[in-house]
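For reference, the structure discussed in these notes is given below.
The values are calculated or read from the model by the stated rules, or taken from the named source; none is laboratory data. Keep in mind it's a predicted model, so treat the numbers as computed, not measured. All Cβ positions, even for glycine, are placed from backbone atoms using ideal geometry, and neighbour counts span all protein chains on display.
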Amino acid sequence: MNWTAEQVPDQHGRVAVVTGANTGLGFETARALAARGATVVLAVRDVDKGARAAQRVADDVGGDVAVQRLDLTSLGSVRDAAAALRAAHPRIDLLVNNAGVMYTPKQTTRDGFELQFGTNHLGHFALTGLLLDLLLPVPGSRVVTVSSVGHRIRAAVHFEDLHWERSYSRAGAYGQSKLANLMFTYELQRRLAAHRASTVAVAAHPGVSNTELVRNSPAALRVVSDRVAPLITQSAAMGALPTLRAATDPAVLGGQYYGPGGRGEVRGYPRVVTSSPQSYDLAVQQRLWAVSEDLTGVRFPV
């Protein structure tokens, strides 16, 4: 059976934090959760855009929607956002690590990390660690982290040059960050299971979806994308379905990875998929975790 947003269970009484929720996949995820009654926090860098997105959700489906400033390129902002969320919500049922950047020119975050690795992985690593104790007491709580088919493309964790200071590849840096998202999920789930927590960590990817994520791609690639996209991509609403299933389907198990079920996982309805062989490398997962703790200064309660 094709799983759709209509199968999202009732979410009344649940608090969901969705990063990057002012547009694209995050917006569609937030709207679907709000439509089922969740209290949804749009954690976004631009609060004005976030406020407009929250109004759109309210106009479309109603619900309780709030906005929280979160700049994943700054650990200071991540800490401030976590503190504000802790003050506003004594519990969190669902954390969706959705925000991301793709194929950016060589840049660094405010803390000196390569932009894609710092935003897509380290920012979410820190946010999750700072909020996890609000999820742990909540039965059925989940951390869902959005990866990409890009985790297979020129991807490896370059411990000898994590921040691409020697040379830079847009695709390689993006692939590293998305591979890190998966390795983080798998190691977090192992720790949660050892802690005997009811909280689970799950990953998802949207296939190839029509969103603003490609805005930083080189001009030639954007031209090709504009011509080919209508033939192979799916809407942001369809692309959000793997995340929504990972976040809400009662049958989900910790450590699973959801993506489109069509050929090549490019588009289609969500199902359990398999990530690349290197993403399951336990030694690399654990080393990445230790490095991420050192770089962010965040320690997890599991």
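State all residues of segment 32-56 that are out of contact with any strand residue (DSSP E or B) (no Cβ under 8 Å at 6 or more places or on another chain) and within 12 Å of Gln11 (Cα to Cα); if no residue qualifies, say none.
Those that are out of contact with any strand residue (DSSP E or B) (no Cβ under 8 Å at 6 or more places or on another chain) and within 12 Å of Gln11 (Cα to Cα): Ala32, Ala35, Arg36, Gly37.
Sort through Arg79, Arg110 and tell me the only one that's surrounded by fewer than 24 Cβ atoms within 10 Å (Cβ to Cβ) and under 17 Å from Thr19 (Cα atoms).
From the options Arg79, Arg110, the qualifying one is Arg79.
Condition check: under 21 Å from Leu295 (Cα atoms) and either touching a Lys or Arg at 6+ places or on another chain (Cβ under 9 Å) or β-branched (Val, Ile, Thr) (or both). Does Gly150 satisfy that?
Judged against the criteria, Gly150 is not a match.
Please work out which residue is surrounded by the most Cβ atoms within 10 Å (Cβ to Cβ), limiting yourself to segment 209-251 and to residues that are modelled with pLDDT of 95 or more and among the β-branched types (Val, Ile, Thr).
Across segment 209-251, the extreme among qualifying residues is Thr243.
Quick one: in segment 128-169, of everything that is basic (Lys, Arg) and in contact with a helix residue (DSSP H, G or I) (Cβ under 7 Å, 6 or more places away or on another chain), which residue is surrounded by the fewest Cβ atoms within 10 Å (Cβ to Cβ)?
The qualifying residue surrounded by the fewest Cβ atoms within 10 Å (Cβ to Cβ) is Arg154.
Out of the residues in segment 124-171 that are of a type in the set (S, T, N, Q) and not in a loop (DSSP other than H, G, I, E, B), which is farthest from Gly112 (Cα to Cα)?
Filtering segment 124-171 for residues that are of a type in the set (S, T, N, Q) and not in a loop (DSSP other than H, G, I, E, B), the one farthest from Gly112 (Cα to Cα) comes out as Thr145.
For segment 57-78, give me each residue that is under 14 Å from Ala30 (Cα atoms), in contact with a strand residue (DSSP E or B) (Cβ under 9 Å, 6 or more places away or on another chain) and assigned to a helix (DSSP H, G or I).
Val57, Ala58 - these are the residues of segment 57-78 that are under 14 Å from Ala30 (Cα atoms), in contact with a strand residue (DSSP E or B) (Cβ under 9 Å, 6 or more places away or on another chain) and assigned to a helix (DSSP H, G or I).
With part of a helix (DSSP H, G or I), more than 12 Å from Leu182 (Cα to Cα) and hydroxyl-bearing (Ser, Thr, Tyr) as the only criterion, which of Ser292, Ser279 stands out?
Result: Ser292 is the single residue among Ser292, Ser279 that is part of a helix (DSSP H, G or I), more than 12 Å from Leu182 (Cα to Cα) and hydroxyl-bearing (Ser, Thr, Tyr).
Please verify whether segment 166-188 includes one or more residues that are closer than 22 Å to Asp249 by Cα and of a type in the set (Val, Ile, Thr).
Yes: segment 166-188 contains one or more residues that are closer than 22 Å to Asp249 by Cα and of a type in the set (Val, Ile, Thr).
Cβ-Cβ below 7 Å, separation at least six or inter-chain, first residue in segment 91-114 and farther than 21 Å from Val252 by Cβ, second at pLDDT below 95 and in a loop (DSSP other than H, G, I, E, B): which pairs?
Partner pairs satisfying both residue conditions: Tyr103/Ser217.
Residue by residue, here is whether (1) over 25 Å from Asn210 (Cβ atoms); (2) small (Gly, Ala, Ser); (3) at pLDDT 95 or above holds:
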residue	(1), (2), (3)
Ala84	yes, yes, yes
Ala87	yes, yes, yes
Asn98	no, no, yes
Gln116	no, no, yes
Phe125	yes, no, yes
His151	no, no, yes
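Here is a check on your reading of the model: is Asp294 surrounded by fewer than 15 Cβ atoms within 10 Å (Cβ to Cβ) and at pLDDT 95 or above?
Criteria met by Asp294.
Kindly indicate which of Thr19, Thr4, Thr29 is under 22 Å from Tyr258 (Cβ atoms) and surrounded by fewer than 18 Cβ atoms within 10 Å (Cβ to Cβ).
Being under 22 Å from Tyr258 (Cβ atoms) and surrounded by fewer than 18 Cβ atoms within 10 Å (Cβ to Cβ) holds for just one of Thr19, Thr4, Thr29, which is Thr4.
I need a count of the residues in segment 84-123 that are in a loop (DSSP other than H, G, I, E, B) and either touching a His at 6+ places or on another chain (Cβ under 6 Å) or of a type outside the set (S, T, N, Q) (or both).
16
Among the residues of segment 45-60, is any surrounded by fewer than 23 Cβ atoms within 10 Å (Cβ to Cβ), under 20 Å from Ser141 (Cα atoms) and not basic (Lys, Arg)?
No, because not a single residue in segment 45-60 is surrounded by fewer than 23 Cβ atoms within 10 Å (Cβ to Cβ), under 20 Å from Ser141 (Cα atoms) and not basic (Lys, Arg).
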